[in-house]
Amino acid sequence: MKRNKMNELCQLDTGRPEVLQGNIAFAVGCVRAGIHSADGYPGTPSTEVIDRGLSQVQDKITVGWSVNEAVAAGVGLGHTLAGRDAVVTMKIPGLFQAADIFTSASFFTKPRGALIYFIASDFTPSSTQHLVDPRYLFKTCFVPVFEPCNHQEMLEAASIAVDIGRRFQTPVVVFASGALCHSEGLVRMTPHESREAQVMESDLRCFNSLPGIARKNYDHVQSVRMTALTEMVEKSSLNKWIKGTGKTGIITCGANTNFALEVREAFGADVDILSLAFTNPLPKELIRRFHTAINGEVYVIDDGFRYLQDELAIMGLSVKGKMDFSPCTEFSPTLIAERLGYAPKGAKASQTPLTPVNRPPMICPGCPYRLFVETIATMKRRGKLEAVFGDIGCNSLLYFLNSMDTGVAMGASEAKRAGYVLSRPEMADKVLSVLGDSTECHSGMDATRNTIFRHVPGVKVILDNYWTAMTGGQPAPTSPVNLAGQANTFDLVQALAATGAKAVAVDAYNRIELQKALRLAFKEAAEGVFTTLVVRGGCLKKLPASRKGIRLKINEEKCDKCYSCLICPGIEVGPEDFPRFNNLCAGCGEQGHSCMQMCPFKAMEPLPMDERAGTSGVSFAEPPDLPEVSLAMGSLPDRLSLAIRGVGGQGNLFFGRVLTQLAFLAGYGEQNIVKGETHGMAQMGGPVISTFACGKVHSPVLLPGEANCLIAMEMSEMLRPGFLELLRAGGTILAATTIMVPQGMKADYYPDPVGIRAATAGFNLVEVDVLAAALKLGDNTGRIANVVMMGALSRIAPFTAIPGDLWLKALKEVTPDPAWAANYQAFLAGRELL
């Protein structure tokens, strides 16, 4: 029976320590707080709350994905009107999609279930299309805003919010920093709570936004709710004053609290820190007392625009914050240290003329979009297509393949195309709108109806991979099943036809069919017809491993080296300049071979079954039982930390999960364990970084000079700015000799490995060929190279202080059962490398 980790977490005893990702901590907290229901729409960095969290315990909570954030907010409101407590999850852009419901429902004042909005920020941004700070909206809606400062508060947030929501008859915002959502940290389990449904004392007629009712509600919110909330936040023990001598002060909130604490400890800084739990309403009297107690400068450290700084200015307090029009939207420990006047401790890397490899995020190898991308890019090169209006989701990545131009918001592609054609009718057959199936169901279908209503001719393409793929493959109305496992009855083509559109389904893996359908659609666009093409092919992330891997070989006698087939990262120029399939090849999931259809010489042939890539045909001996390991008190360093750089898809996230489990087993749970990681678009073949620290630590983001070891899973990734500077004196760089040339980049442009080594002059560099070791084990995909690297790391000081068997125990704890035998052998192979 498959292990359900989420279910185990929900049942653990109160006080039990665990290391959890922030989103998972919040999800566990929802169940342990007795929340009745949850709804949302996938959006990085909020997705895991439902995807990896609450969806796994549907016997404990009513949970589902809705078609967009506005619908999810409406579903959540409906739960509360039934007396149930509800959580609604989204990222910041989703808030604005749901803003009509969010704003209007903020002013209901009668008893009901608690409505909690979990809104995740991304002020870097890593996977968000804008940097708008929503706290100005929260303020004018008069809703309380709780900003967790660490993973423990992420766990406690649901319980805190539901109590406030019921007590003050208000929606509550849990505004979570992406730095917490996607990092891991030590928590101790909260008590189990059970909540009865709210008794609805009045009928539902009072929950109405008619102007007269809205006016009365607004007055009540001002005179009653806000007065009571202000008193509550002033007295809240969740606000923290970490005292110094009063020489210098920092006022901050959220994840920046831990960043400031990291700086305070690393530099021995004499600084008082006021960490605010609530940013609306603010505890103004507490802030004034803090400001009065500081003899020197008071700094404001706040992500987003300048919300907190502006509020303090309105209060008449003198503080040092961002300059006017500052581009800073997200702080780090390094930026805070610089703001306080402390110089970084890290060693300086050697000057080098080499620059990091440009790695734009790419669609996956074998993606069903491939043939469409090639067709559209060719049309653009030949001048047959002037513009492609794109959207949000995997189709955004077409921008990097010259097959999408403008992209702005969910569902906006067809509306942009319609507006363009209404202004320039002669362009109806020379422009195109593109979006995904889940985005069409999210809000794109509104634009489809509008185009039909306005009689705008042209062509719209829906790339239908059956899932919400960009955020990990969550179910959409086009998926075979919904989150509850119920069979889908929605038919996208029929739904489009019912609106009056000419809807045509096309096989994404049939190049000739796709090209014919596009030619006909553009021909008819010139004649005044609007056509919607639904290009269908399943997302490879949702296919079983047995359907992935190299399925073809190159017949060198037929190959003319024209390179027409080089449309995918899974195929590259090899020795003798012939194309070859690499370990990234997914075989197009057996849905059709895109590259084969590009070859004019029929030089690609099926591989014999026994030569096909993957580990499914490799037999690994069952590993022996692992012995118990005991560690002597004081035998481990006070602190361990490292940073891992690589390319999206190399397994950084799994590597980090093993490290946090290892630290926990080694006893660092008595102090602290943190891990940070890159999520979002950077994972799609882009550069990624993961950080890990345990012991005397606060922040998942490292300061320069703090890392005991740096790991590079791809050789040129060592060149990323600021990476080598993270290493402390005497530390080690453990670098894979793996070279990954991005699709479309000539190999000659890749940095010379000799030059890369020269850039590490003065550092202790250890090179290991982890990919070769993985391939030698029979993993033709190379996917266990990250585990080989773990084995090598276990031989590097100070990580040698942890016994190898404890490493294996941590690895087994994190590894799915079917992969344990392969990972066991990979770890041992890594140890053998050193």
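The values are calculated or read from the model by the stated rules, or taken from the named source; none is laboratory data. Please read all numbers here as calculations on a predicted model, not as lab measurements. So basically every Cβ, Gly included, is an ideal-geometry build from the backbone, and we count neighbours across all protein chains shown. Surface accessibility is based on the protein's heavy atoms, side chains included, excluding ligands, DNA and RNA. Shrake-Rupley method; radii C 1.70, N 1.55, O 1.52, S 1.80 Å.
Annotation: residue 670 carries an accessible surface of approximately 150 Å², with a 1.4 Å probe and no ligand, DNA or RNA atoms counted. For the listed peptides 147-158, 266-277, a ranking on the average number of other beta carbons within 10 Å per residue, highest first, reads 147-158, 266-277. Farthest towards the positive end of the charge dipole of region 1-47, among the residues 40, 14, 4, is the Cα of 4, using unit charges on the Cβ of Lys, Arg, Asp and Glu.
Stretching residue 399 away from residue 776 to a fully extended chain increases their span by 132.0 nm, per 0.36 nm per residue minus the current alpha-carbon distance. For residue 764 and residue 590, the difference between the fully extended length at 0.36 nm per residue and the C-alpha to C-alpha distance is 58.1 nm. If you bin all the Cα-Cα distances of region 588-665 at 5 Å, starting from zero, the percentages per bin are 3, 8, 10, 11, 13, 13, 11, 8, 7, 5, 4, 3, 1, 0. Every pair of different Cα atoms in region 303-398 enters the Kirkwood calculation, which places the hydrodynamic radius at 19.2 Å. Dividing the summed helix terms, -39500 (n - 2.57) for each DSSP H run of n ≥ 4, by the number of residues in the chain produces a 222 nm estimate of -9000 deg cm²/dmol to the nearest 500. Overall, the accessible surface of region 318-369 at a probe of 1.4 angstrom is composed of carbon and sulfur to the extent of 58 percent. Globularity index of region 447-559 is 1.32 (Cα radius of gyration / 2.2 N^0.38 Å, N = number of residues). Looking at region 183-308 alone, DSSP beta bridges between its own residues are antiparallel in about 25 percent of cases. Counting only protein heavy atoms and a probe of 1.4 Å, the accessible surface of region 200-296 is 53% carbon and sulfur. What is the antiparallel percent of DSSP beta bridges lying wholly in region 490-628, to the nearest 5? Beta bridges within region 490-628, antiparallel portion: roughly 50 percent.
Seen from all directions on average, region 233-349 presents a Cα convex hull projection of 7.6 nm².
If you bin all the Cα-Cα distances of region 772-834 at 10 Å, starting from zero, the percentages per bin are 24, 56, 19, 1. Averaged per residue, the chain has 40 square angstrom of accessible surface, using a 1.4 angstrom probe with ligands and nucleic acids left out.
Here is the tail figure for region 623-693: Cα pairs spaced more than 15 Å apart come to 59 percent of all pairs. Under the convention that each Lys and Arg Cβ holds +1 and each Asp and Glu Cβ holds -1, the size of the dipole of the chain around its Cα centre is about 940 debye.
In this entry, region 392-443 is assigned a mean projected area of 3.6 nm², taken as a quarter of its C-alpha convex hull surface. Ranking of 167, 84 by solvent-accessible surface, largest first: 167, 84 (1.4 Å probe, protein heavy atoms only, all chains present).
Charged side chains reduced to their Cβ positions (Lys and Arg at +1, Asp and Glu at -1) give region 683-834 a dipole of some 220 debye around its Cα centre.
Dividing the convex hull volume of the alpha carbon atoms of region 713-817 by its residue count gives 136 Å³ per residue. Set against the 2.2 N^0.38 Å expectation for a compact globular protein, region 540-655 has a Cα radius of gyration ratio of 1.56.
For the pair residue 632 and residue 139, the difference between a 0.36 nm per residue extended length and the Cα-Cα distance amounts to 172.2 nm. Binning all Cα-Cα separations of region 13-135 at 5 Å, short to long from zero, yields these whole-percent fractions: 2, 11, 22, 23, 20, 13, 7, 3, 0.
Once both labels are positioned 7 Å from their Cα atoms along Cα-to-Cβ, the gap between residue 576 and residue 817 label points is 4.6 nm. A Förster radius of 30 Å combined with the Cβ-Cβ distance from residue 523 to residue 499 puts the calculated FRET efficiency at roughly 0.85.
Taking only the C-alpha atoms of region 116-215, Rg followed by Dmax gives 16.6, 49 Å. Here the spin labels are modelled as points 7 Å beyond Cα on the Cα-Cβ line, and at residue 214 and residue 2 they lie 4.6 nm apart. For the pair residue 285 and residue 201, label points projected 7 Å from Cα toward Cβ lie 2.7 nm apart.
A dipole drawn for the chain from +1 and -1 charges on Cβ atoms has a positive end, and of 785, 162, 740 the residue lying farthest that way is 162. In a simple Cβ point-charge model (Lys, Arg +1; Asp, Glu -1; nothing else charged), region 152-235 has a dipole of about 300 debye relative to its Cα centre. Applying 1/(1 + (r/R0)^6) with r as the Cβ-Cβ distance of residue 602 and residue 245 and R0 = 60 angstrom yields a FRET efficiency of 0.15. Per-peptide packing, taken as the mean over residues of other Cβ atoms within 10 Å, places 93-101, 620-628 in the sequence 93-101, 620-628 from highest down. Across region 87-104, the residues whose backbone nitrogen lies under 17 Å from the label position 7 Å along the beta-carbon direction of residue 484 are 87. Altogether, the Stokes-Einstein calculation at 4 °C and 1.567 mPa s, with the Kirkwood radius of the chain over Cα pairs as Rh, returns a diffusion coefficient of 45 µm²/s. Sorting 731-743, 539-551, 433-445 by average packing, meaning the other beta carbons within 10 Å per residue, from highest down gives 433-445, 731-743, 539-551.
Surface composition of region 8-152: carbon and sulfur make up 52 percent of the accessible area, probe 1.4 Å. DSSP beta bridges fully contained in the chain are about 35 percent antiparallel.
Placing a label point 7 Å from the Cα of residue 381 along the Cα-to-Cβ direction, the residues of region 713-747 whose backbone N falls under 19 Å of that point are 742-747.
Farthest toward the positive end of the dipole of the chain, out of 337, 626, 470, is the Cα of 470, where the dipole comes from beta carbon charges about the Cα centre. Reported value for region 101-154: 120 Å³ per residue, from the convex hull of its C-alpha atoms.
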